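The values are calculated or read from the model by the stated rules, or taken from the named source; none is laboratory data. These numbers come from a predicted model, not from an experiment. All Cβ positions, glycine included, derive from the backbone under ideal geometry; neighbour counts span all protein chains shown.
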Amino acid sequence: MSFHQTLFLLFVTLLPLVVPFSEAFSLPIPPSSNSNSIAYLQSLGISSSSISSLPHLPPPSDLLPTVDYLKNLYGLKEMVKAVEMNPSLLLTRGLGDVKCRPLSPLLRARGFTEKEIENIHSKYPQILGLTNSSQCEYVISYLRSIVGVADGGAKTVCKVVTRHPWILGLKTSNLELTHIFLTEDLGLGEKTMRVIVTRFLPIYGLSLNGNVRESVERIRAALGLEAGEFRKVMERHPGIVLLKEENFNDKVEYFEAAMGLGAAKKIVLNCPSVFSLSLSKTLIPRVEYLKSVWPDDIEFSKRVNEYPALMSLSVENNVRPTLDWFYKNGYEVDDIRGRYLAASLYKRIVPRWLFWKEVEGEVRDLEGVLSGFGDDDNDDDNDRRDGKEVVEGWKENGKEGTKGRGREGRRKMKGGNPPLNVLTTASDLKFCEWVGVQGSRFNSWKEGDGGTRCDNEIFIMKLGLMVETGRKII
């Protein structure tokens with residue numbers, strides 16, 4: 001006999017001698033319950049309401065092994081919480097016996113590893129109470145039909161179920177009704193359904209009529225979204241339906257107050273994942289920082305409404321380092337638009353800047369040669385032909401000509417620097433056209449010595465930021 005069993009028998013033997021049970025406990029005992037089992041459970045801290053909600057209580061000989069297993073699994077405090085949430089755990093026999101796991105063969109046959117099977121039983125002991133293996137088989141088959149089994153899809157399903165083992169206990173009817181609502185009522189396609197299954201599976205755990213439908217209707221009504229608009233929101237961030245009503249409403253009110261009427265709708269249409277960020281810890285500090293960049297309320301509202309995804313950018317990892325770099329290299333706040341801050345400082349802006357600096361002298365020398373050709377007051381045909389020959393010679397040396405770098409291009413430069421749209425939002429091809437070189441030269445430069453220069457420059461920049469802020473820079 002184990003120590004726990006000895007302690008339990010001693011407890012239930014001496015308890016009636018110390019005080020009459022009716023005086024010690026005021027709980028109304030269910031007709032089929034065992035008074036010793038009730039006394040033991042109450043001594044662990046399990047509430048009377050949880051105990052009385054059970055249709056019956058097993059005798060101590062069955063109850064004690066179950067409680068011991070749950071205590072070893074969760075610890076006493078967490079075990080009590082688990083039982084309070086689901087008292088039927090106490091009715092499950094054989095929890096600690098590996099042999100008493102009827103669904104293990106099914107899980108193995110579907111590719112689950114022994115570690116995953118153990119984790120499922122640890123996170124979701126109720127699985128031992130699932131006697132209908134065909135239901136679990138249906139759930140796994142459904143998930144596979146959405147994710148697919150090729151290219152690692154089968155393993156992905158195993159990982160999803162291991163993270164959310166409760167899905168195995170979901171009723172077939174609930175699964176089907178939720179699927180119909182998402183695909184037919186909301187019009188979500190296969191790609192979005194895969195995202196929901198792999199990243200937002202808790203949607204299936206919500207009550208369809210009590211939570212999901214209500215959440216959809218509430219969001220649409222609050223922001224005035226048409227059916228097609230809401231479908232696009234779900235395609236970008238299905239997790240928005242998991243937000244509690246108060247959480248969602250607080251963010252709508254804040255965005256409208258900080259950025260003007262209609263701001264919340266623009267944000268949800270362009271970057272709905274912003275609504276899943278913490279209002280107090282992330283969004284408010286982010287808005288306050290951006291207002292320090294554009295102190296004028298009208299200007300700030302203009303910038304955010306112009307590019308709502310600005311609210312999704314991390315201040316420490318994106319906005320602040322990029323702004324500091326702009327200022328350091330001679331750009332002013334009037335030059336900066338929200339979308340420019342979304343460009344990768346280390347993967348796009350710095351490499352383009354270093355490449356531009358390297359070829360700047362060559363390009364300016366070419367402009368000096370061409371300055372006497374093709375002007376409005378110099379229309380001599382021979383001059384134009386000579387100018388063309390110069391450009392053709394430039395192409396032979398790896399240049400693509402000076403498209404975008406004529407008089408208009410020079411007027412757009414800021415202090416001799418490339419315009420920020422060229423450094424940030426333009427494609428590599430457009431950037432090379434503006435510089436006046438072939439795209440192949442820029443690619444070769446990045447793969448060769450230029451790539452090494454970029455790595456060194458970026459390392460120095462990150463090191464400086466880490467010393468300044470004390471934070472690891474990603």
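Residues that are in contact (Cβ under 8 Å) with a residue 12 or more places away in the chain and hydroxyl-bearing (Ser, Thr, Tyr) were ranked within the stretch 135-184; the one that is farthest from residue 111 (Cα to Cα) is 178.
Take the conditions (1) over 26 Å from residue 269 (Cβ atoms); (2) at pLDDT 90 or above; (3) not in a loop (DSSP other than H, G, I, E, B); residue 295 misses just one of them, which is (3).
Within the stretch 434-450, residues that are buried (at least 16 other Cβ atoms within 10 Å of the Cβ) reach partners that are assigned to a loop (DSSP other than H, G, I, E, B) and among the basic types (Lys, Arg) with beta carbons closer than 7 Å, at six or more positions or on different chains, in the pairs 434/405; 436/405. If you go through the stretch 254-290 and pick out every residue that is of a type in the set (D, E, K, R) and in contact with a helix residue (DSSP H, G or I) (Cβ under 8 Å, 6 or more places away or on another chain), you end up with 4. Kindly indicate the residue of the stretch 119-138 that is surrounded by fewer than 20 Cβ atoms within 10 Å (Cβ to Cβ) and within 26 Å of residue 183 (Cβ to Cβ) and also modelled with the lowest pLDDT among those meeting that condition. Selected residue: 132. Of all residues in the stretch 44-60, those that are over 9 Å from residue 87 (Cβ atoms) and in the same structural domain as residue 80 (by TED's automatic domain parsing) have Cβ atoms under 8 Å from Cβ atoms of residues that are in a helix (DSSP H, G or I) and of a type in the set (S, T, N, Q), 6 or more apart or on another chain, in 48/42; 57/37; 58/37; 58/66; 59/37; 60/36; 60/37. Looking across 95, 107, 70, 57, one residue alone is modelled with pLDDT under 90 and part of a helix (DSSP H, G or I). It is 70.
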